[in-house]
1. Over the C-alpha atoms of the stretch B:1-109, what are the Rg and the largest Cα-to-Cα span, Dmax, in Å?
2. Where is the GNM fluctuation largest for chain B (alpha-carbon springs, 10 angstrom cutoff): B:81, B:33, B:17?
3. Can you give the local net charge around residue A:125? Use residues other than it whose beta-carbon is closer than 13 angstrom to its beta-carbon, Lys and Arg +1, Asp and Glu -1.
4. Under a point-charge model restricted to the Cβ atoms of Lys and Arg (+1) and Asp and Glu (-1), what is the dipole moment magnitude of the protein assembly as shown relative to its Cα centre, in debye to the nearest 20?
5. If we hang a label 7 Å off Cα along the beta carbon direction at residue A:7, how far is it from the matching labels on the other copies, in nm, shortest first?
6. Between copies, how far does the label point of residue B:106 sit from its twins, in nm, shortest first, when each point is 7 Å from Cα along Cα→Cβ?
7. Mind checking the dipole of the stretch A:46-97: about its Cα centre, +1 per Lys or Arg Cβ, -1 per Asp or Glu Cβ, Debye to the nearest 20?
8. Select from A:77, A:42, A:118 the residue whose mean-square fluctuation is largest in a Gaussian network model of chain A (Cα-Cα springs shorter than 10 Å).
Number of protein chains: 2
Amino acid sequence: MTDDGYQLRPIGWVRSPIVDLADAPRQGDEGGPPADLVFASEFVEGLRDLHVGDAMLLLTWLDRAARDVLVVHPRDELTRPQRGVFSTRSADRPNPVGLHHIVITAIDGPTVTVGNLEAIDGTPIIDLKPLLAPTGER
Amino acid sequence: MTDDGYQLRPIGWVRSPIVDLADAPRQGDEGGPPADLVFASEFVEGLRDLHVGDAMLLLTWLDRAARDVLVVHPRDELTRPQRGVFSTRSADRPNPVGLHHIVITAIDGPTVTVGNLEAIDGTPIIDLKPLLAPTGER
């Protein structure tokens, strides 16, 4: 383990027209708007080799989530029976890591623009990874 | 933000025959062995509604990773040119979250057995999520 232990470091923040949780779609493919990923200057070197059109996985930290939750009503519909949180994609869970499929539409220095992101304005970014390519292309 | 800020809480640990990083395949589909996910007792209620055969995403914290790395040689092959870390799946990165596609093969109380996991013995587990179903099934 490093000296940092289990402490996440935000590497950037989402800049989005969605400012209210109530306006956020539950998953990006249900229709999120374009958004900017604004990286902190000390992490910009890690953005080398990203390209417009790349399909990526964005990891965020859903910092408004409730972390003491182990059972939820799916999609917050109270008429649906409660489920164990690990069988759902609820944001409320012990470690609220958000996973988002994104496609890069522009890159300008520390700012990576993506289409169709459901995360709200100000959401901390913790990682960005390529989708796995077929084995031969890795 | 909650009082916990950016602090991850391990919800369990991987129990695997792989005890040495050098023996770990780089991705699960390159041939990891079966492994157990052993959850801490206080999180077991969240495992309700998991079933044998479920395809899930496992999130781990790769606690042996170097976190001060922004460029890497892909797959540690020194003959390949360095790349920005966010265009790679390197474990060495500012927030070393591991993502693993797993399928549940057995459930026994706090222990969920999965096939084909490349994480090494003792790796902390931070989350378990279902793969997204088609929209109508959510």
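1. 16.2, 48
2. Highest fluctuation among the options: B:81.
3. Neighbourhood net charge equals 0.
4. Around 260 debye, computed over the protein assembly as shown.
5. Values, ascending and in nm: 1.1.
6. Ordered by increasing distance: 5.5 nm.
7. For the stretch A:46-97, the charge dipole is close to 160 debye.
8. Among A:77, A:42, A:118, the largest GNM mean-square fluctuation belongs to A:77.
Any read-out appearing in this document is the output of simple, stated calculations on the displayed coordinates, not a laboratory observation. These numbers come from a predicted model, not from an experiment. Cβ atoms come from the backbone with ideal geometry, glycine included; neighbour counts cover every protein chain shown.
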